[in-house]
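The values are calculated or read from the model by the stated rules, or taken from the named source; none is laboratory data. On a predicted model such as this, the values are computed, not experimentally measured, just so you know. Cβ placement follows ideal geometry from the backbone for every residue including glycine, while neighbour counts extend to all protein chains displayed.
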Amino acid sequence: MNISETQLLVDDYLDLYLYAESMDDQLWKQEIIETLQNSHNEFRKELQSVACKQLMEKYEHINEKIRIIYQQLQTHSANDYLLEKVRELKQQRVSLGSQIQLAKHHSSTNINSRKEPL
């Protein structure tokens, strides 16, 4: 579900909530709130998954760059520029690895245990 679809869903449910409120239907209002909270949680999970995939793609791209530079270093072992580039890429890879672990940790925690306002 993309952002505009999610916004439409939320708008529709808010309209229903107002209608339920005008009818003084407490049960229906509570069901609507629960539905909105669940859709909010699912949307957050989806965003976290996309972010994690993007980080993994960057990580793999850096690994490929390092592999290519190592191949170049087999023929130009004294190339200081290439050695410095490998060092920079390895630092980026470590940083991305930490970000990936953090993203995986956040996606594995139970979002339902954190009641956040919509």
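The table that follows gives values for the structure above.
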{"read-out": "Those residues of segment 76-100 which are assigned to a helix (DSSP H, G or I) and at pLDDT below 90, in sequence order", "value": "100"}
{"read-out": "Unique residue being buried (at least 16 other Cβ atoms within 10 Å of the Cβ) and at pLDDT below 90 when the list is 49, 39", "value": "39"}
{"read-out": "Residue 29 among the basic types (Lys, Arg), over 30 Å from the mean Cα position of the chain (by Cα) and at pLDDT 90 or above", "value": "yes"}
{"read-out": "Only listed residue being under 18 Å from residue 50 (Cα atoms) and not acidic (Asp, Glu), chosen from 100, 62, 66", "value": "100"}
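To keep it simple, each residue is scored yes or no on (1) closer than 23 Å to residue 97 by Cα; (2) in contact (Cβ under 8 Å) with a residue 12 or more places away in the chain.
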site	(1), (2)
33	no, yes
46	yes, yes
54	yes, no
72	no, no
79	no, no
